[in-house]
Amino acid sequence: MTANSPGVSVSTATALFPLPHTLLLIFVSAIATYSKSLLAGMGIDMKIGYARTSTVEQKAGFEAQIRDLKAAGVEKIFSEQLSSVDGNRPQLEAALDYCRDGDVLICTKLDRLARSVADVVKIEEQLRTKGAGLHVMDPAMDTATPAGRLTFNVLASIAQFEREIMLTRQREGIAKAKREGKYRGRKPKARDQASDIVKLRETGLKAPDIAVQLKISERSVYRVLAHRTNGAAQ
């Protein structure tokens, strides 16, 4: 499979999914040629690029991304140099906001765009609601084609499958801990801060201000104050 075919490379699929995936690899390989032919005939309104490196020192890699995006015919490029684990990626958000119906967002590699498969799914959903597509050059994947859309749905299904397995194991672990008397659950944060809430209230601070200062919800503040008032009345 070439880097330009809008499927998913076998090596990358292996790295992304440690679960048994023989059928997935067969599927991805089978649709690669078909996807490439469809991509050639797709009409795209505007190609928008996104480039990212983790540090400023990665100058060569950054320049390579820009070069590859321009070679792919990208008309506008959004770029930034920060870690993918940083929840605040302003240029990515700007790129997503800039996309319109019929546009396609292009990045050179999957790890330049997202932290995980779940993150890719979220980004693709944002684009899809705007009528835009996603094209990753390596591994080759293009949601603007029917076959690419099908490939992406397989990836999304696997991501959801992995999440459900994790939640099932988590529930089983909690159930076991409860049976053994080891599970107490998480204490409500506001309950731990009840005395602080009362003290701040006695200084004349209003509930919304108390919530901001203690980083809890206003509802929690009102609940603690109401419980104190009811207790005093008794």
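The values are calculated or read from the model by the stated rules, or taken from the named source; none is laboratory data. Everything numeric here is computed off the predicted structure, so don't read it as measured data. Here the Cβ is made from the backbone with ideal geometry for all residues, glycine too, and neighbour counts use every protein chain on show.
Specify which of the listed residues (223, 171) is modelled with pLDDT of 75 or more, charged (D, E, K, R), outside any loop (DSSP other than H, G, I, E, B) and loosely packed, with under 13 Cβ neighbours inside 10 Å. Spell out how you get there, then give the answer.
Numbers: 223 fails: loosely packed, with under 13 Cβ neighbours inside 10 Å.
171 is the lone residue from the list that is modelled with pLDDT of 75 or more, charged (D, E, K, R), outside any loop (DSSP other than H, G, I, E, B) and loosely packed, with under 13 Cβ neighbours inside 10 Å.
So which residues in the range 174-192 are modelled with pLDDT of 80 or more and surrounded by 10 or more Cβ atoms within 10 Å (Cβ to Cβ)?
174, 175, 176, 177, 178
Only residues that are in a strand (DSSP E or B) and among the β-branched types (Val, Ile, Thr): list them for the range 64-85, please.
Within the range 64-85, 77 is the sole residue that qualifies.
Residue 167: out of contact with any Leu (no Cβ under 7 Å at 6 or more places or on another chain) and touching a residue at least 60 places away in the same chain (Cβ under 8 Å), yes or no?
no
Can you go through 158, 123 and tell me which one is assigned to a helix (DSSP H, G or I), surrounded by 12 or more Cβ atoms within 10 Å (Cβ to Cβ) and modelled with pLDDT of 85 or more?
123
Tell me, please, whether a residue that is surrounded by fewer than 12 Cβ atoms within 10 Å (Cβ to Cβ) and either in contact with a helix residue (DSSP H, G or I) (Cβ under 8 Å, 6 or more places away or on another chain) or not in a strand (DSSP E or B) (or both) can be found in the range 99-106.
Yes, the range 99-106 contains a residue that is surrounded by fewer than 12 Cβ atoms within 10 Å (Cβ to Cβ) and either in contact with a helix residue (DSSP H, G or I) (Cβ under 8 Å, 6 or more places away or on another chain) or not in a strand (DSSP E or B) (or both).
For the subset of the range 100-116 comprising residues that are out of contact with any Asp or Glu (no Cβ under 8 Å at 6 or more places or on another chain) and modelled with pLDDT under 85, which member is nearest to residue 157 (Cα to Cα)?
Per the criteria, the residue is 116.
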